[in-house]
Amino acid sequence: MDKLDSEILRLLQKDATQSVAHIAEQIGLSTTPCWRRIQSLEKQGIIDKRVVLLNPEKVGLGMTVFVQVKAAKHDSLWLKKFAEHAANIEQIVEFYRMSGEYDYMLKVVVADMKAFDVFYKKLVAGVDLSDVTSSFAMEQIKYTTALPV
């Protein structure tokens, strides 16, 4: 990946709906070589997918909660069961295995406290957890999906 590829990625992360011609013009390439570079970045898996980002509040999901979970067991069978369980809960938008005091961190988006309670009951049902704690985001200071390429 060279400087031109990095520029293409930076521009696509800002707005993936830009035409190839517009991107090419901004980086000083003609359209065909720019298109080939984008295709190569996709084939290499550098461009994973192109998506639309929604405004959570405008779609009724104004509460963000960070949920930390301690595993009841530390074996592959428990992890597989928990990962499958969490993957089936649509309110979980990010899911990480962590170092430190808690084993897993979930980013959850819900409409309000009542919706979080419904989510929480679904999370703890059917999976043996040692401890669960939640932190409610009061204000979003920075949010970006753009990686610093």
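Any read-out appearing in this document is the output of simple, stated calculations on the displayed coordinates, not a laboratory observation. Every value quoted in this text rests on a predicted model; they were computed, and no experiment measured them. Here the Cβ is made from the backbone with ideal geometry for all residues, glycine too, and neighbour counts use every protein chain on show.
Things worth noting here:
- Equivalent-ellipsoid semi-axes of segment 1-52, from the Cα gyration tensor, Å, largest first: 15, 13, 10
- A Förster radius of 41 Å, combined with the Cβ-Cβ distance separating Trp35 from Asp112, puts the computed FRET efficiency at roughly 0.35.
- Computed across the chain, the Kirkwood radius stands at 18.2 Å (inverse of mean 1/r, all Cα pairs).
- Dipole magnitude (debye, nearest 20) for segment 23-149, charges at Cβ of Lys, Arg, Asp, Glu: 380
- Residue pairs, from the table Lys3/Lys58; Lys43/Lys70; Lys3/Lys70; Lys49/Lys107; Lys14/Lys70, whose Cα atoms sit over 32 Å apart: Lys3/Lys58; Lys43/Lys70; Lys3/Lys70; Lys14/Lys70
- Contour excess over end-to-end distance, with Cα ends at Tyr102 and Glu139 and 0.36 nm allotted per residue: 11.0 nm
- In Å, descending, principal axis extents of the Cα set of segment 61-149: 38, 36, 23
- Contact order, relative form, for the chain: 29 percent (alpha carbon pairs under 8 Å, 6 or more residues apart, mean separation divided by residue count).
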